[in-house]
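Here the structure is laid out as structure tokens; the discussion comes afterwards.
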Amino acid sequence: MIKDNNTYTRQDTLRDIIEDNNRLLIVLNRFDISLGFGDSTVEEVCKQNEVHTDTFLAVINYIAGKNWENYHVSLMYLVGYLRKSHIHFINFSLPNIKRTLIEGIHGIETSEISMVILKFYDTYIEEVKNHMGYEDTVIFSYVENLVNGDITDKFNITDFSMRHDHMAGKLNDLKELFIYKYTQKNNEMINSALLELMLCGRDLIQHCEMENKILFPEVIRLEKELKNRLESEDSHTEEEISDSEVLTYREKEILREIAQGLSTKEIADKIHLSFHTITTYRKNISEKLNIHSVAGMTVYAILHHIIDLNEIKLP
């Protein structure tokens, strides 16, 4: 049972969370999580479906209006979720609304306003496809390259975020068109389409705000980290690279887990990399920092703001 206003945690059962907020059902498919999880906890379901637990918790808490900022988001998993959201809008949600509109309009004598509505909606769908297609091919690919350590001076996420639009404005215009101009009576399909429009508009706004508040700030931070590192390497001086720039994004992610007391196997299971890969990362981290104990790495992670002290699990 979820207590009111409590943040969803990895120990909560997914069943209780869905019962607490059924809007979170839309999240499952976007993380490739199927139904049939029974009374499994969030952590168990994420592990079974190879989903990054903290990213999942950040998303569901954000959608539910709860505190999400204490969860460490994996950019790769967040981008995967956002890509799947685009597929949902373009292949499912928007076409379903159009089918309902057509069925409602065909059920009555066709009027001029009906044709205006359909044309307006078709134009809107194309705009959404173009917007999300750009994000899929340019923005998300850029983020994936950043995570792999590749950066370009020809693009930065801040410029895009300044003109980032949630695209729900025209859906609101369409809703207003129905309310003020559509006078046909006894048309349940049109009422159903209007309800779907409102729900889709809400989902689009939240999708955009998630990109603005979760994705873009993390990308900006990573851009800064990579640019600072490149500037240090290009200077060819004897100056020591800043401690905060020694480790890569992935190495910091693994160091966080080490500082939380996780074993190599536990880390491999949690972020879905092989045991051998995590072992190699741990070796590289030790060599870079010249620190060879878990305690030493934990102190380093705290001092360099890679992990908060209250996140450390005491034995």
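Any read-out appearing in this document is the output of simple, stated calculations on the displayed coordinates, not a laboratory observation. Being a predicted model, the structure only gives us computed values, none of them experimental. Glycine gets a Cβ as well: all are built from the backbone with ideal geometry, and neighbour counts include every protein chain shown.
Taking only Cα atoms, what is the 0 to 90° angle, nearest 10, from helix 188-210's long axis to the longest principal axis of the chain?
20
Would you mind checking the tilt of helix 112-134 against the longest principal axis of the Cα atoms of the chain, expressed as 0 to 90 degrees and rounded to 10?
For helix 112-134, the angle is close to 10 degrees.
If you filter the stretch 1-96 for trypsin sites (Lys or Arg not before Pro), then keep DSSP loop positions with at most 16 other Cβ within 10 Å, what is left? It would help to have the intermediate numbers written out before the result.
Working: sites: Lys3, Arg10, Arg15, Arg23, Arg30, Lys47, Lys66, Arg83, Lys84; in loops: Lys3, Arg10, Lys66.
Those satisfying the criteria are Lys3, Arg10, Lys66.
Using a ≥ b ≥ c from the Cα gyration tensor of the stretch 81-143 (square roots of the eigenvalues), is it rounded, prolate or oblate, where a/c under 1.5 gives rounded and otherwise the larger of a/b and b/c decides, a/b for prolate?
Judged from the Cα gyration tensor, the stretch 81-143 comes out oblate (a/c at least 1.5, b/c at or above a/b).
Using a Cα-Cα cut-off of under 18 Å, which lysines could be cross-linked to Lys224, ignoring same-chain neighbours fewer than 8 residues away?
Within the straight-line cut-off, Lys224 pairs with Lys154, Lys213, Lys252.
Please give the FRET efficiency for Asn6 paired with Asp153, using the beta carbon to beta carbon distance and R0 = 51 Å, rounded to the nearest 0.05. Present the calculation step by step, with values, prior to reporting the outcome.
Details: r = 45 Å, r/R0 = 0.87.
FRET efficiency, Asn6 to Asp153: 0.70.
Using R₀ = 22 Å, calculate the FRET efficiency as 1/(1 + (r/R₀)^6) where r is the Cβ-Cβ separation of Asn145 and Cys208; round to 0.05.
Numbers: r = 22 Å, r/R0 = 1.02.
With a Förster radius of 22 Å, E is 0.45.
Let me have the relative contact order for the stretch 1-73, percent, based on Cα pairs under 8 Å that are six or more residues apart.
Values: 83 pairs, mean separation 24.7, N = 73.
Reported relative contact order: 34 percent.
Which whole-number percent gives the relative contact order of the chain, counting Cα pairs below 8 Å spaced six or more residues apart?
Values: 269 pairs, mean separation 48.1, N = 315.
That works out to 15 percent.
May I ask for the angle, rounded to the nearest 10°, between helix 75-88 and the longest principal axis of the chain, with both axes built from Cα atoms and the value confined to 0 to 90°?
10
Just subtract the alpha-carbon distance of Phe92 and His166 from 0.36 nm times their residue separation and send over the number in nm, one decimal.
24.8 nm
If you take the Cα atoms of the stretch 246-311, find Rg, then find the Kirkwood Rh from the mean of 1/r over all pairs, what is Rg/Rh? Intermediate values should be presented prior to the final figure.
Numbers: Rg = 10.7 Å, Rh = 11.6 Å.
The Rg/Rh ratio comes out at 0.92.
How many lysine pairs in the stretch 1-149, separated by 8 or more positions in sequence or lying on different chains, have Cα atoms less than 17 Å apart? Provide the component values of the computation, followed by the final result.
Working: Lys3/Lys66; Lys84/Lys129; Lys98/Lys119; Lys98/Lys129; Lys119/Lys129.
Summing the qualifying lysine pairs gives 5.
Report the FRET efficiency, 1/(1 + (r/R0)^6), for Leu118 and His305, where r is their Cβ-Cβ distance and R0 is 35 Å, rounded to 0.05.
Numbers: r = 54 Å, r/R0 = 1.53.
With R0 = 35 Å, the Cβ-Cβ based efficiency is 0.05.
In whole Hz, what ³J(HN,Hα) sequence does the stretch 55-66 give by Karplus (6.51, -1.76, 1.60; θ = phi - 60°), x for Gly and Pro?
5, 4, 5, 4, 5, 5, 5, 4, 4, 7, x, 9
Suppose we keep just the alpha-carbon trace of the stretch 75-232; what are its Rg and Dmax in angstrom?
Expressed in Å, the Cα Rg and Dmax of the stretch 75-232 come to 19.5, 70.
On average, how much area does the Cα convex hull of the stretch 8-142 cover when viewed from any direction, in nm²? Numbers along the way, then the final one.
Working: hull surface 40.5 nm².
Average projection, Cα convex hull of the stretch 8-142: 10.1 nm².
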